[in-house]
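S.K.: Got a structure for you, written out below as C-alpha cells; questions coming shortly.
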Amino acid sequence: MLRLLLLLAGGCVLFFVVKQLYTYLPEPVLRRLVRFWDKFFLSLTWLFAAVTVLALGFIIFHILSSGIPHLSPRLFAVNVTLGDVSMFPAIVSTVLMVVIVLAISVPLGMFTAVFLVEYMRTGSWFVTLIRSAAEILAGIPSIVYGLFGMMFFRVFLGLGFSILSGSLTMSIMMLPLIIRTTEEALKSVPDTYREGSFALGAGKLRTVFRIILPNAMPGIFAGVILAIGRVVGESAALIFTAGTILQIPSSLFDSARTLTVHMWRLSSYGQYVNETYATAVVLLLVVLSLNAVSGIIAKRFTKT
C-alpha cells in the first residue's frame, strides 16, 4: 500500500514538472516536442497493430498446420457410435445453437436499444438502470451463466440437458453485447436524418424502421458478428445446460454438444490430441463462414 501511494505521488510530481516545463518552453521547441510525441505514439500504434496481426497469424498457422494433416472422413461420419470422434453432430448442434440464440437475442436486444435511444429521455433513471444492468451482465463470467442456466432452465423449468436450455442461457449472455453495439450504431446515425423524416410527415415508428435502422445496420451486424463468435466459442455455460452427448438433435429438447464442447471432451481423454486439432480447424472455418455470411447480409442492408 505504501509503495502504491509513493508511486502515485511520484506520478503527480512528474506530471506537474512536465506541465511547468511545457509552460515555459519556447514555441519552436514546443512544436518539435509535439511532433516527436505524435510520431512516437503513432509508431507505438503501428507496433501494437503488427503484434496483434502476427499473433493472430501464428495462432491460425499453428491450428491449420497441426489440424489439416489429421482431417479424415472418420471425423465427418454421420452415424456416431460409442467412443466415436466424429464432429458432424457437433457441427449441426453448433449451427443450430447459433441460429436459435440469434433469433432470440438479436430482436430483443435491438428493440431494447431502440427503446432506450429513440423513445426514452437521455439521462433518465430508467435508461441508467438498464445500461448499468447490461454492463453488470457483460462482466459476469460464463461459468456463472452456466450455473444459472442449470438451476433455472434445466431444473426449475424442467428443460433438462437440451439445446433449448443452452440457447436460452447463451441468449442472456448475448443481450448486453447486442444492446450496447446497437445503441452505438443508432447514436451514429445523424440527427438530420430524423429531422428530415419528421419534416416530411413520417411518424416516429416509420422513421425508426425506414430511416434509422437501415442506416445503423452495419454497426448492428458488427455486434451480431461478435455475438456469433461468442456463441461458437463458448463451452463452460453449455456443459451445464446443453450437455455433452454426441448426437444429432432431433428436437430442441435433446441434449447435444457444440464444437467447443466436443474439443474439450476429446482433449480431456488425452488420446485424441490430433483429432482435437482437426476439430479446431473446422471450428475456425465455421466461424469464418458465419462471419462472411453476416458481412454479406450487412452489405445488402447498406445498399438498400
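The values are calculated or read from the model by the stated rules, or taken from the named source; none is laboratory data. Predicted, not measured: the structure shown is a model, and the values here were computed from it. Cβ placement follows ideal geometry from the backbone for every residue including glycine, while neighbour counts extend to all protein chains displayed. Just the protein is used for accessible areas: all its heavy atoms, side chains included, with ligands, DNA and RNA removed. Shrake-Rupley method; radii C 1.70, N 1.55, O 1.52, S 1.80 Å.
S.K.: Would you mind estimating how fast the range 40-89 diffuses translationally, via Stokes-Einstein at 20 °C and 1.002 mPa s with the Kirkwood radius over Cα pairs, in µm²/s?
M.R.: The diffusion coefficient I find is 154 µm²/s.
S.K.: What Rg and what Dmax come out for the range 62-205 when only alpha-carbon atoms are used, in angstroms?
M.R.: In Å, with Rg to one decimal and Dmax whole: 21.3, 67.
S.K.: Could you work out the mean projected area of the convex hull around the alpha carbons of the range 160-300, in square nanometres to one decimal? If you can, show how the numbers build up before the last one.
M.R.: Details: hull surface 41.7 nm².
If you wrap the Cα atoms of the range 160-300 in a convex hull and average its projections, you get 10.4 nm².
S.K.: Restricting the calculation to Cα positions, tell me the Rg (one decimal) and the Dmax (whole number) of the range 114-174 in Å.
M.R.: 14.8, 42
S.K.: Would you kindly work out the equivalent ellipsoid of the range 77-150 from its C-alpha gyration tensor and give its semi-axes, the square roots of five times the eigenvalues, largest first in whole Å?
M.R.: Working from the Cα gyration tensor, I get semi-axes of 39, 16, 7 Å.
S.K.: With all protein chains present, how much of the accessible area of the chain (probe radius 1.4 Å) comes from carbon and sulfur, to the nearest whole percent? Numbers along the way, then the final one.
M.R.: On the way: 13020 of 17970 Å².
Ligands and nucleic acids excluded, carbon and sulfur reach 72 percent.
S.K.: If you average the sequence gap of Cα pairs under 8 Å that are 6 or more apart and divide by the length of the chain, what percent do you get for the contact order?
M.R.: It comes to 25 percent, rounded to a whole number.
S.K.: Between Ser188 and Met120, how many nm apart are label points set 7 Å from Cα along the C-beta direction?
M.R.: Once both label points are built, they end up 2.2 nm from each other.
S.K.: How long, wide and thick is the chain, going by the Cα atoms along their three principal axes, in whole angstroms, largest first?
M.R.: For the chain, the Cα spread along each principal axis is 79, 56, 45 Å.
S.K.: Which of Lys204, Lys39, Lys187 ends up with the largest GNM mean-square fluctuation for the chain, with Cα atoms connected below 10 Å?
M.R.: Among Lys204, Lys39, Lys187, the largest GNM mean-square fluctuation belongs to Lys39.
S.K.: When only DSSP loop residues count, what chymotrypsin sites (Phe, Trp or Tyr not before Pro) in the range 159-200 have their Cβ near at most 10 other Cβ atoms within 10 Å?
M.R.: When the chymotrypsin sites (Phe, Trp or Tyr not before Pro) of the range 159-200 are filtered for loop state and at most 10 Cβ neighbours within 10 Å, nothing remains.
S.K.: Give me the three principal axis extents of the range 73-114 from the C-alpha atoms, as integers in angstrom, largest value leading.
M.R.: 48, 17, 11
S.K.: Further, regarding this structure: On average, how much accessible surface per residue is there in the range 75-303, in Å², for a 1.4 Å probe, leaving out ligands, DNA and RNA? Could you put the intermediate results ahead of the total?
M.R.: Numbers: 11110 Å² over 229 residues.
Value for the range 75-303: 49 Å² per residue.
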